[in-house]
Every structure is written in C-alpha cells, then in structure tokens.
1. Per the helix-only calculation at 222 nm, which mean residue ellipticity applies to the chain, given -39500 (n - 2.57) for every DSSP H run of n ≥ 4 and division by its residues, nearest 500 deg cm²/dmol?
2. Share of antiparallel DSSP beta bridges in the chain, in percent to the nearest 5?
3. Starting from the Cα of Q23, step 7 Å along the direction of its Cβ; do the same at E41; then give the gap between the two resulting points in nm.
4. Over the C-alpha atoms of the stretch 3-92, what are the Rg and the largest Cα-to-Cα span, Dmax, in Å?
5. If you project the alpha carbons of the stretch 98-181 onto their three principal axes, what span does each projection cover, largest first, in Å?
6. From zero up to wherever the largest Cα-Cα distance of the chain sits, split into 10 Å bins and tell me the percent of pairs in each.
7. How high is the relative contact order of the chain, in percent, counting Cα pairs under 8 Å that sit 6 or more residues apart?
8. Per residue Cα convex hull volume for the stretch 63-118, in cubic angstrom?
Amino acid sequence: MNQTSTRQRLVELFESTARAHSQQSSAGRSSDPDWPIWYAEHLQRPLQDQANIPFIKSRLIYCLMNADYEHAAAASDSNWSEFVASRFVECYAPAKAPAEDQLALYYMPTCPYCIRVLREIERLGLDIELRNTIESRQHRSDLIEARGRATVPVLRIHSTTGKDRWMPESLDIIDYLNRTYGDK
Ligand SMILES: N[C@@H](CCC(=O)N[C@@H](CS)C(=O)NCC(=O)O)C(=O)O
C-alpha cells in the first residue's frame, strides 16, 4: 500500500468517524471535550488493520489531540480530516524505503526532549545528521519555513522517492525510530 492510498484511507476513516461521532454529539468535536477518547475507541482497530499503524489507546488520544492542536494553530481553514490524515501518514505510517532515507534531527543541546531523542539515536546506533538550531541560523530558518515554528526536536526524513516528512514530538520520533530501525 503506498502512502497516497494510505492517506486517502485515513481521510475516509476520519470522515466516517466524525460523522458517527456527530450523530451522538450534535455539534461534533466542538461540543464534546472528550472527543479524542471517543475517536480513539473507534479508530484504534481500523488504524491497525487498514493503515498498519498500531497505537495503544492513550497514545492515540494524545496524537489526535496534538494533530487537532496543530490544525487549529496552523491550518484551521483546511479540511480537518485531510489535515489530520496527512499528519498521521507523515508521523506514524511506516516509511516506504527506510534504508534509503536520509535523516536529520533539528535540536537544541539544552532541550530535555532533544536529549531524550539523542540518547535513543545513540542507543540504536543510528547515523543521523544533527542540526543544532542555536548554532545555525540556516537550520533554524529551514525549520520555521517547513513547520511554521522553531520548536525542537524535529526529525526530517528525506526520502529519495517522495517529499520530506517533518516529524515533531520527541515520543513520536523515538517511536518511529524504533519501529523503523530498531529490533522488531
Ligand atoms: N512535546 C514536545 C516538547 C518540545 C519543546 O517544548 N521544545 C522546546 C525546547 S525544550 C522548544 O523548542 N521551545 C522553543 C519553541 O517552541 O519555539 C516534545 O516532546 O518534543
């Protein structure tokens, strides 16, 4: 299954979940502060079966909230399901040809979240280019251009086949590195 079809499946999945949820909670997400819990209940199994994206429930709740927050902050005019589907493909779907990807970690040496990722990179013995955003204005401005903010850590996954994926969130990065390069 390629990433375009995974994304399309996810768009449909998020849309059908939103429809089912709004039948129970008339105004949908905006009237139900617990919507991520409801969504996670409905999405956990199909995400595993249809997109090969396994989640424990608490993590899925966290990822849904995060994607929703990013949508509100950066792209509230865009279609929610399409935005969230893209974020899930970028951050959680298995890479197509991981061995050929070039990885770069945007980080600050004093950031505890970055240190957590750096330790994992060392533990896994991965060859990842480190881009210090304090030392290099260029790295910082590249990050802001790509993501609209300078928050680190962010893993840039440069694939020979597709566009770059920019993955924020230390726990997501660690999870991705383990799923893609760790002992399976
Ligand atoms: N939840 C994020 C937290 C990342 C975070 O808060 N990073 C701080 C540095 S420790 C940062 O980049 N702050 C500057 C900014 O957001 O522009 C993670 O786990 O990666």
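Only the coordinates and a few stated rules stand behind these numbers; no lab work does. Predicted, not measured: the structure shown is a model, and the values here were computed from it. Every residue, glycine as well, gets a Cβ built from its backbone with ideal geometry; the counts of neighbours run over all protein chains shown.
1. Working: 7 runs with 106 residues, N = 184.
Here the helix-only value at 222 nm equals -19000 deg cm²/dmol.
2. Of the beta bridges lying entirely in the chain, close to 70 percent run antiparallel.
3. So the two model labels end up 1.4 nm from each other.
4. Reported Rg and Dmax, both Å: 12.0, 33.
5. Largest first, the stretch 98-181 extends 30, 29, 18 Å along its Cα principal axes.
6. Histogramming the chain at 10 Å steps yields 9, 35, 35, 17, 3, 0 percent.
7. After rounding, I find 19 percent.
8. On the way: hull volume 6.9 nm³, N = 56.
Hull volume over Cα atoms, normalised by residue count, gives 123 Å³.
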